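Please treat every number below as a calculation from the coordinates, not as lab data. Remember, it's a predicted structure, so these values are computed and weren't measured experimentally. As a convention, Cβ positions derive from the backbone with ideal geometry for all residues, glycine included, and neighbour counts pool all protein chains shown.
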Amino acid sequence: MQRFYRGRQLIFVSADETYKTAAGFQLLVNTNYAWQKGIYGGDPCLFVAGTDMYAEGRSPEPAGLSQYTQLIPSAEGVEQLYTTCYQLIQSVNKTVYYSTLIEQNTNVPALVGEARFLRANAYFLLVQTYGGVPIVTENFTSPVLQFDRNSAEEVYDFFIAELEASLASVGTSAYSATDKVNKKAVNDLLAKVHLTRGYESFGKPTDFATAATYADAAIAGQALSLSYDQLFAPGNDLNAETIFSVQYDPKSTSTSPTTLGNKQFYYFSSYLGGSETGGSAPLRSYNLCPTNYALSLFTKEDSRWAATFMNVVYEKYYDFIERRIRMC
């Protein structure tokens, strides 16, 4: 059920009435992109906690993920990725379902291809994290309490086929101009999944060569032209070297930038600041800190070092501390 305002009157419209129209179907496709925020927007503990790259900082991390104590399905942080990925998957299932019911035009195949790319990426994250998971493609309209778990090999076969179908239908326009999945993004993910599967016991003998072919197609002879510090600079996220990213409308995050936006930026950045800090200081988190091993992977001459780690403390900050001490 969708809600719309007509003047001051609130109108409720059924899903069928909404998604069978071209405008409504586009809204449904947009929703698939929005679900990406749930996957990538929260604390990244499931991705990096407990690894040799990051250690617990001032605030405690989930013990199951950082210390491997009582690492069970109900442990804090374990279910977050699982839940958000399946929320996206169900949204894409709805998209594929309604794509057969709306009036067909030249845009529909490309829109479905974009959605199938997002569903494939969700399954890729799931199988890497949890192993075999249920393959769900039906658009459910009533609760389902149990699914059969597929093997990891079956999951790989499924989403690789999804990506191949997506590659045939998505557009070729530059990502910086459209913010949408294109062939470069699909080629890039296909390269990554074949490279990853190649190391599995069920990997194919051709996976590594196939990965190289898709990688070449994604690169397409494009040279690197941006300095490393500009790749992730605020306001430069749609640069020519961005293949795919999760977009955030400032209006949607302005009321609570640390909970509605992408919290990962203050773990994996250096001097990034935002409007929520008045531009005077970066918004930081201290839950995760890089280990000595992570720091040792860089040299001071490496441009990635200066762009990744905060290694300069400005005198203005010390002046501020000194004034506060004197006041006390």
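Could you check, for region 28-41, whether at least one of its residues is in contact (Cβ under 8 Å) with a residue 12 or more places away in the chain, in a loop (DSSP other than H, G, I, E, B) and within 30 Å of THR291 (Cβ to Cβ)?
Checked region 28-41: at least one residue is in contact (Cβ under 8 Å) with a residue 12 or more places away in the chain, in a loop (DSSP other than H, G, I, E, B) and within 30 Å of THR291 (Cβ to Cβ).
Show the residue pairs that are 6+ apart or on different chains and have beta-carbon atoms under 7 Å apart, the first residue being within region 93-122 and buried (at least 24 other Cβ atoms within 10 Å of the Cβ), the second being acidic (Asp, Glu) and assigned to a helix (DSSP H, G or I).
Once the first residue is buried (at least 24 other Cβ atoms within 10 Å of the Cβ) and sits in region 93-122, its partners that are acidic (Asp, Glu) and assigned to a helix (DSSP H, G or I) give ARG116/GLU162; ARG119/GLU162; ALA120/GLU162.
Could you tell me which numbered condition ALA174 fails, if it satisfies all but one of (1) under 30 Å from LEU71 (Cα atoms); (2) within 20 Å of the chain's Cα centre (by Cα); (3) surrounded by fewer than 14 Cβ atoms within 10 Å (Cβ to Cβ); (4) not basic (Lys, Arg)?
(1)
Give the residue, chosen from GLY50, GLY42, GLY77, that is crowded, with 17+ Cβ neighbours inside 10 Å, closer than 30 Å to ASN287 by Cα and more than 20 Å from the chain's Cα centre (by Cα).
That would be GLY50, the only listed residue that is crowded, with 17+ Cβ neighbours inside 10 Å, closer than 30 Å to ASN287 by Cα and more than 20 Å from the chain's Cα centre (by Cα).
Mind checking which residues of region 53-74 are of a type outside the set (Asp, Glu), surrounded by 14 or more Cβ atoms within 10 Å (Cβ to Cβ), part of a loop (DSSP other than H, G, I, E, B) and touching a helix residue (DSSP H, G or I) at 6+ places or on another chain (Cβ under 9 Å)?
Of everything in region 53-74, those that are of a type outside the set (Asp, Glu), surrounded by 14 or more Cβ atoms within 10 Å (Cβ to Cβ), part of a loop (DSSP other than H, G, I, E, B) and touching a helix residue (DSSP H, G or I) at 6+ places or on another chain (Cβ under 9 Å) turn out to be MET53, PRO62, LEU71.
Scan region 77-104 residue by residue and report those that are out of contact with any Lys or Arg (no Cβ under 9 Å at 6 or more places or on another chain) and of a type in the set (A, V, I, L, M).
Within region 77-104, VAL78, LEU81 meet the criteria.
Kindly indicate the residue of region 153-171 that is surrounded by fewer than 19 Cβ atoms within 10 Å (Cβ to Cβ) and in contact (Cβ under 8 Å) with a residue 12 or more places away in the chain and also nearest to VAL112 (Cα to Cα) among those meeting that condition.
Looking at the filtered set, the residue picked out is SER169.
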